[in-house]
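Student: I'd like to ask some things about the structure below.
The values are calculated or read from the model by the stated rules, or taken from the named source; none is laboratory data. Every value quoted in this text rests on a predicted model; they were computed, and no experiment measured them. Ideal geometry is used to build each Cβ from the backbone, glycine not excepted, and the neighbour counts take in all protein chains shown. Ligands, DNA and RNA are excluded from the accessible area calculation, which covers all protein heavy atoms including side chains. Shrake-Rupley method; radii C 1.70, N 1.55, O 1.52, S 1.80 Å.
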Amino acid sequence: MDYRNLATQILEYIGGENNVSHFEHCSTRLRFTLKDSNKVKVEELKQTKGVLGVVMAAQCQIIIGNNVVEVYDEILKIASFNHKGSVEAPKQDQKLGAKIMDFVIGVFQPLVPAIAGAGVLKSIISLFVLFGLLDNTSVAYTVFNNIGDAALYFIPLLVANSAAKKLKCNQMVAIAAVGTLLLPNITTLLATEGGAKLFGITLESIAYAYQIFPALLTVFLLAFVEKLFNKITPKPIRIFFVPMMCYVIVLPCTLLFLGPLGYNIGTLLTTIILTIYAKVGFIGIGLFAMLLPLCVATGMHKAFLPYAISTYSETGKEFVYMPASLAHNIAESGACFAVAIKSKDTETRSTAVSAGISALFGITEPALYGLTLQNKKILGSVMVGAGISGLFLGLFAVEAFVVVGPGLASMSMFVNPDNNMNFIYAVIGFVAAFAVSFIAAMILYKDETVEASIDNKIATNALNTNNKIVEEDVTLESPLTGKIIKMEDVNDSVFAGKILGDGVAIIPSEGVLKSPGNGKVSMIADTKHSIGLTLDNGTEVLIHIGLDTVKLDGKYYDVKVSNGQTVKTGDNLIEFDINNIKSEGYELTTPVIVVNGDKYGIENTKTGSVKTGEILFDAIKMEA
């Protein structure tokens, strides 16, 4: 792979390096916080070789897969980012939910490598003790076990560092401030019998090691105080006066109020999860495992990081997110290896093997974006395997002792010296996830021509029907009244380049989209701007109302049919408000595309003006 070329293309399509306010990466994704997300050319990114998928949420997340580090490094080489990806610049207005998600990812994602590395080390030490390879009273055990414990013990400092970076306050001051909570003298003071008093208020006896929320709240206040005093403090004394005032104001507030509040937040969060687990039990873990493919695809799985890290820090174990992740990760792997065996397409087999190996070791994005989300049967196989494995793991209350993506290399995370069966049950869950998804995919999967719709939904394949499809020529009637233009004249490179298929485009004069033939609805975009049809003869048609109208998020569109519904020629499919869409600045040029062009060619295309019901073009069955 040409990493330099890929990095150059990515920078171009996200609006250039000047559009970036923060840049980082995780195990498979490049994560850009942008000043203006409207500058991103999403479709061009999706079509770029080396890009597995694009998620536009709180951040612009570009899924690269196993080569993410190499691409990240190349971007840093060619872009003039400050501080390895941090750019001091104002960000665009975001919805509250997007801001919260961006903050959660920015603070907790950087903690994972330190916690995972330390946790796996501890689990391996436990495994050595379990098999009698190491004496738990030896110096070696004490040293390495404490090395593994350090990341958790000092997690308040890790939180202080990442939160200060995210909130753009002095990281060293934040670490020193939070470090006060861990000082032996402070710990002893808080444990004073009867309670020590500060300004006449009794300090709660709390051990702040292993806690994340007290540190988080401390840095929130510190960022506010620092900005305030930076504004009002004379420059000659700012270097010492501002940090001093941060300590003087923030630390007493933390010991008196914020520390106990943060501690109670962590306790409450754990209690809520325990209560839910008590109500739904193992069924909840099974359902969670089934839904994880969709959560990971949208990046929503990151929202569970605060819970997982908090629970693990406080109790030393976690029993919901990690077991469900094990079930999902290995189910992805099993389905991929089944596809690798069944597929006759060389490229598909290569993708499946690579993605299957990655998923086996806990990295699922290559599998998700390379295969799972492109085929409903693969997705179904993964969900079945993950669900059954999740039910088993939940039924036997399997616990994880490390927060890391579960996989073959990290199975020691389930070792419990006090309960040998915990690891055995985890192994059974591993095998069940792989076997069930593998068998399901072997039964269900068939090679198909898969075409991507404009909003990255691979949903234009023919639906299963009780009627046998007879492949023959068909005449399509115009779904709109308006003016016909050539596809190559459409003001969008994806359509003009016929990447999705051949057809024509119509500039509508009326806001009613009708069915061009008899068939079934095979896809309706969540944002209502596009629809896919599978006609009775097998022709697959994609109709995309307007250009870039996915950004309207369904506004001004009224869908009159449902997914899977049988339609007849002339039936109303979607009504849309032409004037309001135009007033928002969007072109209403509507491509009508035959996406399975390997089977059907287009002939006798009408030109000029057209009305609904008039012949638009013929889809001619191509010779095998």
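Student: Residues that are farther than 21 Å from LYS446 by Cα, in contact with a Leu (Cβ under 6 Å, 6 or more places away or on another chain) and at pLDDT 80 or above: list the helices (runs of 4 or more DSSP H) wholly contained in the stretch 304-375 that include at least 1 such residues.
Tutor: 321-342, 346-360
Student: Hey, another quick one. Using the structure shown, decide if HIS301 is part of a helix (DSSP H, G or I) and modelled with pLDDT under 70. Walk me through it before giving the result.
Tutor: Numbers: part of a helix (DSSP H, G or I): yes; modelled with pLDDT under 70: yes.
Criteria met by HIS301.
Student: How many residues, within the stretch 414-433, are among the hydrophobic types (A, V, I, L, M, F, W, C), touching a Ser or Thr at 6+ places or on another chain (Cβ under 6 Å) and open to solvent by 60 Å² or more (accessible area, probe 1.4 Å)?
Tutor: Total satisfying the criteria: 0.
Student: Mind checking which pairs have a first residue in the stretch 235-251 that is touching a residue at least 40 places away in the same chain (Cβ under 8 Å) and a second that is of a type in the set (A, V, I, L, M) and open to solvent by 80 Å² or more (accessible area, probe 1.4 Å), Cβ under 9 Å, 6 or more apart or different chains?
Tutor: Within 9 Å, the pairs are PRO243/MET172.
Student: Then there is this: I need every pair where a residue in the stretch 530-556 that is in contact (Cβ under 8 Å) with a residue 60 or more places away in the chain has its Cβ under 7 Å from the Cβ of a residue that is among the aromatic types (Phe, Trp, Tyr), sequence separation at least 6 or different chains.
Tutor: Filtered contacts from the stretch 530-556: THR539/TYR600.
Student: Can you tell me which condition ILE62 does not meet? The list is (1) within 20 Å of ASP553 (Cβ to Cβ); (2) among the β-branched types (Val, Ile, Thr); (3) modelled with pLDDT of 85 or more; (4) open to solvent by less than 30 Å² (accessible area, probe 1.4 Å), and all the others hold.
Tutor: That leaves (1) as the condition not met.
Student: Also: Taking the stretch 499-550 as the search range and keeping residues that are within 17 Å of ASN579 (Cα to Cα) and touching a helix residue (DSSP H, G or I) at 6+ places or on another chain (Cβ under 7 Å), which one is surrounded by the most Cβ atoms within 10 Å (Cβ to Cβ)?
Tutor: Checked the stretch 499-550; the qualifying residue surrounded by the most Cβ atoms within 10 Å (Cβ to Cβ) is HIS529.
Student: Let me ask something else about it. Just the residues that are open to solvent by less than 20 Å² (accessible area, probe 1.4 Å) and under 15 Å from THR539 (Cα atoms), please, taken from the stretch 555-599.
Tutor: Passing the criteria: VAL567, VAL592, ILE593, VAL594, VAL595, ASN596.
Student: Can you tell which of LEU130, LEU134, LEU152, LEU157 is open to solvent by less than 50 Å² (accessible area, probe 1.4 Å) and closer than 19 Å to ALA400 by Cα?
Tutor: Details: LEU130 fails: open to solvent by less than 50 Å² (accessible area, probe 1.4 Å); LEU134 fails: closer than 19 Å to ALA400 by Cα; LEU157 fails: closer than 19 Å to ALA400 by Cα.
That would be LEU152, the only listed residue that is open to solvent by less than 50 Å² (accessible area, probe 1.4 Å) and closer than 19 Å to ALA400 by Cα.
Student: For the stretch 380-438, name all the residues that are among the acidic types (Asp, Glu) and under 10 Å from PRO323 (Cβ atoms).
Tutor: Step one: filter the stretch 380-438 for residues among the acidic types (Asp, Glu), giving 399, 418.
Within the stretch 380-438, GLU399 is the sole residue that qualifies.
Student: Mind checking which residues of the stretch 377-409 are open to solvent by less than 10 Å² (accessible area, probe 1.4 Å) and assigned to a helix (DSSP H, G or I)? Spell out how you get there, then give the answer.
Tutor: So the first thing to find is which residues in the stretch 377-409 are open to solvent by less than 10 Å² (accessible area, probe 1.4 Å), and the list is 378, 381-382, 385-387, 389-390, 393-394, 398, 400, 402-403, 406-407.
Those that are open to solvent by less than 10 Å² (accessible area, probe 1.4 Å) and assigned to a helix (DSSP H, G or I): ILE378, SER381, VAL382, GLY385, ALA386, GLY387, SER389, GLY390, LEU393, GLY394.
Student: Hey, among the residues in the stretch 160-201 that are part of a helix (DSSP H, G or I) and hydroxyl-bearing (Ser, Thr, Tyr), which one's surrounded by the most Cβ atoms within 10 Å (Cβ to Cβ)?
Tutor: Going through the qualifying residues, I end up with SER162.
Student: Further question: Going by what's in this entry, would ILE581 be described as within 19 Å of ILE506 (Cα to Cα), touching a residue at least 60 places away in the same chain (Cβ under 8 Å) and not in a loop (DSSP other than H, G, I, E, B)? Before the answer, list the steps.
Tutor: Working: within 19 Å of ILE506 (Cα to Cα): yes; touching a residue at least 60 places away in the same chain (Cβ under 8 Å): no; not in a loop (DSSP other than H, G, I, E, B): yes.
So ILE581 does not fit the description; no.
Student: Okay, next question. Which condition breaks for GLU226 when tested against (1) in contact with a helix residue (DSSP H, G or I) (Cβ under 6 Å, 6 or more places away or on another chain); (2) at pLDDT below 90?
Tutor: For GLU226, the failing item is (2).
Student: Cβ-Cβ distance below 7 Å, separation of 6 or more or different chains: which pairs start in the stretch 511-523 with a residue that is free of Cβ contacts under 8 Å to residues at least 60 places away in the same chain and closer than 25 Å to GLU587 by Cα and end on one that is open to solvent by 10 Å² or more (accessible area, probe 1.4 Å) and of a type in the set (Gly, Ala, Ser)?
Tutor: Short answer, once both residue conditions are applied: SER515/GLY570; VAL521/SER562; VAL521/GLY564.
Student: Might you check whether a residue that is more than 22 Å from TYR307 (Cβ to Cβ) and more than 24 Å from the chain's Cα centre (by Cα) occurs anywhere in the stretch 372-391?
Tutor: Within the stretch 372-391, not a single residue is more than 22 Å from TYR307 (Cβ to Cβ) and more than 24 Å from the chain's Cα centre (by Cα).
Student: Collect the residues in the stretch 270-295 that are modelled with pLDDT under 70 and aliphatic (A, V, I, L, M), keeping them in residue-number order.
Tutor: ILE273, LEU274, ILE276, ALA278, VAL280
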